[in-house]
Amino acid sequence: MNTHFIGIGERIMGDLALALHQQGHTVTGSDLHFPAPMLQRLTQAGLALGKAGWFPQKISQSIDQVILGRQVQPDNREIKAAQQLGLPIYSYPEYIYHDAANKQRIVIIGGKEGGLICELTLQVLSRVGRAFDYVVDTPALATSVHLSDAPIILLAGDLAPSSPIDPQPQSLHYQHNIVVVNNISGEERSPYPTPESYLAPIKALVDGSPKGGTVIYNEADGLIRAIGEATEADVKKVPYKPHSHSQKEGQAYLTTPEGDVLFPYTDKASLFAVAAAQQLLRNLAVTDQQFYEALAAFSG
């Protein structure tokens, strides 16, 4: 399949391009700027991007699909060319959903600690030998996208528009089976001008949970607790609090049945993240003993 990326310089876009290239896609792409590390990785994989800029002549009927980044402008000349030819155009969240439609999809949203929840979850799954895919943009990972035939995929979510021509919040495209909603009261609300408009897509996300799905939420955040508690009766509701802990000589120790486990962060928000990851992993049939054993090796 021939896939063209408009905005391939964005980290997730570039990593998705590499993942599809490894699957056998013919990949092309454009951007106004190619960050040096991404350009090096794309070049080493054999993807010849040419000079930076937008080139509508790259868009032809030979392209099967276009994947659109989030930072390009809606009047982009390549977008216009693709629209004129009637080519399928996907935001990357929309594409990821189609690729992962048969997987168990786990979305983690809300707060800067969302990245830590993702990191902890991936660390534990890796340590216990579980196969998984992910789309998680964090410096802790060498690549932000991993796609395979694994039965589950972890997706770092947010509420921003999916692309300049797709206003639907990114996380809604994923159509989760499990969603984790962390503390978001203090989050930057752009592009939502009021608290009410910001909460609307969160409520839509939670309300979109399927029958038999799971909503894991921070019960200390009053706004999130109200949304979580109002979830339909046929959806599993799992509230969480900060993980119990103690502090000794400026270090945090998680309190566990097997004794204290050293944890690299002492702030309360990170202890919420530990509790969220634990609840999520319990729903993935990972025992608490496995969780703590894996966590003992987590360096942050």
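The numbers here are math on the coordinates, done by the rules we state, and not lab data. Remember, it's a predicted structure, so these values are computed and weren't measured experimentally. Here the Cβ positions follow ideal geometry from the backbone for every residue, glycine too, while neighbour counts run over all protein chains shown.
General observations
- Beta bridges by DSSP in the range 101-295, antiparallel share as percent, to the nearest 5: 40 percent
- Measuring spread by the Cα atoms of the range 101-295 yields a radius of gyration and Dmax of 16.4, 52 Å.
- Using only the C-alpha atoms, the convex hull of the range 215-300 corresponds to 95 Å³ per residue.
- Positive dipole terminus of the chain, leading residue within 214, 298, 30 (C-beta point charges): 30
- Listed residue (235, 84, 135) projecting farthest to the positive dipole end of the chain, Cβ model: 84
- Taken about its Cα centre, the chain carries a charge dipole of about 320 debye when Lys and Arg each add +1 at the Cβ and Asp and Glu each add -1 at the Cβ.
- Calculated [θ] (222 nm, deg cm²/dmol) that DSSP helices of n ≥ 4 give over the chain, each run adding -39,500 (n - 2.57): -10000 deg cm²/dmol
- Counted by neighbouring Cβ atoms within 10 Å, the residues 41, 105 run from fewest to most as 41, 105.
- Legend: distances between Cα atoms for 112/203; 80/103; 103/211; 58/103; 51/112; 237/268; pairs beyond 26 Å are 80/103; 58/103; 51/112.
- Nearest-20 debye value, the range 2-87 charge dipole, Cβ charges on Lys, Arg, Asp, Glu: 120 debye
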